[in-house]
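Note sheet for the following structure.
The values are calculated or read from the model by the stated rules, or taken from the named source; none is laboratory data. Note that the structure is predicted; figures quoted are calculated from it, not measured. Reconstructed Cβ throughout: ideal geometry from the backbone, glycine too, with neighbour counts over all protein chains shown.
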Amino acid sequence: MMRSAPHLVRAILIVTAVVLVGASLTPGWAQEPPVPTIPKVSVRFAHAAFMDQSEAIIGMRKGWFDEVGIDIQPKPTGTVLPSAERAANLIAGTVDVVATGVYNILPAMGKARNLRVFLQKDIYVGYRIMAQPDRGYKSFDEFVKEGVEPGEAFRRAAAQLKGKTIAFLSEPSRHQFMEMIYKRGAFSKADIDSVKAINVDDNQTIGLMVSGRADFQLGGAPAMLELTKRGFRPVLTAGEMTRTARPSADSEELLAILKVGWATTAEFYDKNREALLRMSSVGFRIAKFIRDQPEEALSIHVPFLNSITGMQFTTETGRWLYDNIHAYYSFDEQEDWYGNPKSTNYYTYEVGARIKDAERKGIFKPGEMDVETIMVADDVYRELKALRDKATPVIADAKQKIERGRQTGKDLARAQELLTRAEQFMAAYNYLDAYRFGQAAVAWADYQTKR
């Protein structure tokens, strides 16, 4: 039966009175502030079988991805893809994130425009021309120490290859490095033709150098390390080539170095922007860990690398690679990459140089591809930096309010718990959650103080 109007009015008055009485009996705020949580996002992750494209295992073993809600799939440590298949798997949607760099996925952008590099963490400077130690060859550094200007020092070091024999595996990236040496060294066609190249795998290049049948060698990291142990030394390196480069996308020398990080698709990036901010924080955390605690990092990294490559790297090998081949950069150091247009490491120059190279090879028409399409790591970096700047005063405010509340005898355990987590996130480069939990700590300090 429908209630009469007087009954309805009386019911409303009773409910209102109860609400008002209840509110008057609740000291301070009527409702607790929300406690933030971190949503879990599954990420199908693929390593590659290289030292600087498998260090994500450190974050997996240490539980750092789990801490920020990143559920790596397939369990327990993702998968491994051959170098040539990473872009194709992203495009096909069989993985969400792969370890790689612009140098690897840019060619695939000729057909699919949805690939994005969202994190960069190290620079591979492994390319180097190893020389016989007892034939009078001089290195770039030796010429510079004699007072020779860097550009001329490079030409003189490169000129030593004329008429000599060099052993290296014939594959595109090494050919490109040799082409840059010839061009930067001002080689004529006759000079290039005078260089005898022996196409063999890395292990065979060692034998050719040890037997004296090759004057020079260009190989992978294990072969370089073995030759270094035997007294061979480099005359030219990728890093030295970039020392002669101008801060411009027209500097082909920038193709000699490879910035390495993680890539995804435009669709996954747009849908999971916050998750990728958190994932990037783990990347920066791993880079710092490698820099600050290399021995522990190697104890995790080297066994995994051996398991996916079939190699038998030792800790000594891994240490040499960290020190000489893979330069990991901290979050603060990457300001040079994204905020300093005067630096040759500025992101638009290296990526721009690769785009121009792709245009020369017919992959893109001039102007068809631009840096900001494939590169979003600069956006991620700037967003994390802005969040750090926002989180810093919020955390400071929370500390002050908690201290003042304690002096009045208030129980601020929840506020302190949230502050502690904010500070932990801050130290781990997760500036997104440092800000969120810092805000919550302030809100709870206010709430618990006023109760």
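With respect to (1) surrounded by fewer than 17 Cβ atoms within 10 Å (Cβ to Cβ); (2) farther than 27 Å from residue 256 by Cβ, the lone exception for residue 82 is condition (2).
Select from region 325-368 the residues that are aliphatic (A, V, I, L, M) and under 24 Å from residue 272 (Cβ atoms) and list them in ascending order.
Within region 325-368, the first condition is being aliphatic (A, V, I, L, M), and the residues that meet it are 325, 327, 351, 353, 355, 358, 363.
Within region 325-368, just 351 meets the criteria.
Candidates 245, 238, 249: the one that is closer than 23 Å to residue 317 by Cα, buried (at least 16 other Cβ atoms within 10 Å of the Cβ) and either outside the structural domain of residue 98 (by TED's automatic domain parsing) or not charged (D, E, K, R) (or both) is 238.
Put simply, of 59, 69 the only residue that is more than 17 Å from the chain's Cα centre (by Cα) and under 16 Å from residue 280 (Cβ atoms) is 69.
Across region 344-371, which residue is farthest from residue 248 (Cα to Cα) among those that are out of contact with any Ser or Thr (no Cβ under 7 Å at 6 or more places or on another chain) and small (Gly, Ala, Ser)?
362
In this structure, is residue 404 farther than 16 Å from residue 427 by Cα, touching a residue at least 12 places away in the same chain (Cβ under 8 Å) and not assigned by TED's automatic domain parsing to the domain that holds residue 281? Here the answer is yes, as residue 404 does meet what is asked.
Examine region 266-283 for a residue that is surrounded by fewer than 19 Cβ atoms within 10 Å (Cβ to Cβ), in contact (Cβ under 8 Å) with a residue 40 or more places away in the chain, touching a strand residue (DSSP E or B) at 6+ places or on another chain (Cβ under 7 Å) and under 25 Å from residue 97 (Cα atoms), and state whether such a residue exists. There is at least one residue in region 266-283 that is surrounded by fewer than 19 Cβ atoms within 10 Å (Cβ to Cβ), in contact (Cβ under 8 Å) with a residue 40 or more places away in the chain, touching a strand residue (DSSP E or B) at 6+ places or on another chain (Cβ under 7 Å) and under 25 Å from residue 97 (Cα atoms). For region 36-53, the count of residues that are touching a residue at least 12 places away in the same chain (Cβ under 8 Å), assigned to a loop (DSSP other than H, G, I, E, B), within 21 Å of residue 299 (Cα to Cα) and aliphatic (A, V, I, L, M) is nonzero.
State which residue is nearest to residue 177 (Cα to Cα) when the search covers only region 241-263 and only residues that are part of a loop (DSSP other than H, G, I, E, B) and out of contact with any Gly (no Cβ under 6 Å at 6 or more places or on another chain).
257
Any idea which residue in region 317-371 is farthest from residue 111 (Cα to Cα), counting only those that are of a type in the set (Lys, Arg) and in contact with a Pro (Cβ under 7 Å, 6 or more places away or on another chain)?
To start, the set of residues in region 317-371 that are of a type in the set (Lys, Arg) comprises 319, 342, 354, 356, 360-361, 365.
Now restrict to residues that are in contact with a Pro (Cβ under 7 Å, 6 or more places away or on another chain): 319, 342.
Values: 319: 39, 342: 33 Å.
Among them, the one singled out is 319.
Close Cβ contacts (under 6 Å, 6 or more residues apart or on different chains) running from residues in region 60-73 that are on the phi < 0 side of the Ramachandran plot and in the same structural domain as residue 303 (by TED's automatic domain parsing) to residues that are among the small types (Gly, Ala, Ser) and surrounded by fewer than 16 Cβ atoms within 10 Å (Cβ to Cβ) comprise 71/42; 73/42. Picking from 318, 339, which residue would you name as being surrounded by 19 or more Cβ atoms within 10 Å (Cβ to Cβ) and either in contact with a Ser or Thr (Cβ under 9 Å, 6 or more places away or on another chain) or not assigned by TED's automatic domain parsing to the domain that holds residue 220 (or both)? The match here is 318.
Are any residues in region 98-125 surrounded by fewer than 22 Cβ atoms within 10 Å (Cβ to Cβ), touching a residue at least 40 places away in the same chain (Cβ under 8 Å) and in a loop (DSSP other than H, G, I, E, B), and if so, which ones? Those that are surrounded by fewer than 22 Cβ atoms within 10 Å (Cβ to Cβ), touching a residue at least 40 places away in the same chain (Cβ under 8 Å) and in a loop (DSSP other than H, G, I, E, B): 113, 114, 125. Among the residues in region 431-448, are any crowded, with 19+ Cβ neighbours inside 10 Å and among the polar types (S, T, N, Q)? Within region 431-448 (the criterion being crowded, with 19+ Cβ neighbours inside 10 Å and among the polar types (S, T, N, Q)), the answer is yes, since at least one residue qualifies.
Which one is farthest from residue 440 (Cα to Cα) among residues in region 387-405 that are over 35 Å from the mean Cα position of the chain (by Cα) and surrounded by 16 or more Cβ atoms within 10 Å (Cβ to Cβ)? Break it down stepwise before answering.
Start the filter on region 387-405 by keeping residues that are over 35 Å from the mean Cα position of the chain (by Cα), which leaves 400-405.
Pick out the ones that are also surrounded by 16 or more Cβ atoms within 10 Å (Cβ to Cβ) and you get 401-402, 405.
Working: 401: 12, 402: 12, 405: 16 Å.
The extreme case among them is 405.
Given the condition in contact with a Ser or Thr (Cβ under 8 Å, 6 or more places away or on another chain) and over 22 Å from residue 66 (Cβ atoms), answer yes or no: does some residue in region 431-447 qualify? Checking region 431-447: not a single residue is in contact with a Ser or Thr (Cβ under 8 Å, 6 or more places away or on another chain) and over 22 Å from residue 66 (Cβ atoms).
Please go through region 154-196 and pick out each residue that is of a type in the set (A, V, I, L, M, F, W, C), surrounded by fewer than 16 Cβ atoms within 10 Å (Cβ to Cβ) and not in a helix (DSSP H, G or I).
Just the residues of region 154-196 that are of a type in the set (A, V, I, L, M, F, W, C), to begin with: 154, 157-159, 161, 166-169, 177-178, 180-181, 186-187, 190, 192, 195.
When the remaining residues are screened for being surrounded by fewer than 16 Cβ atoms within 10 Å (Cβ to Cβ), the result is 159, 186, 190.
The one that is of a type in the set (A, V, I, L, M, F, W, C), surrounded by fewer than 16 Cβ atoms within 10 Å (Cβ to Cβ) and not in a helix (DSSP H, G or I): 186.
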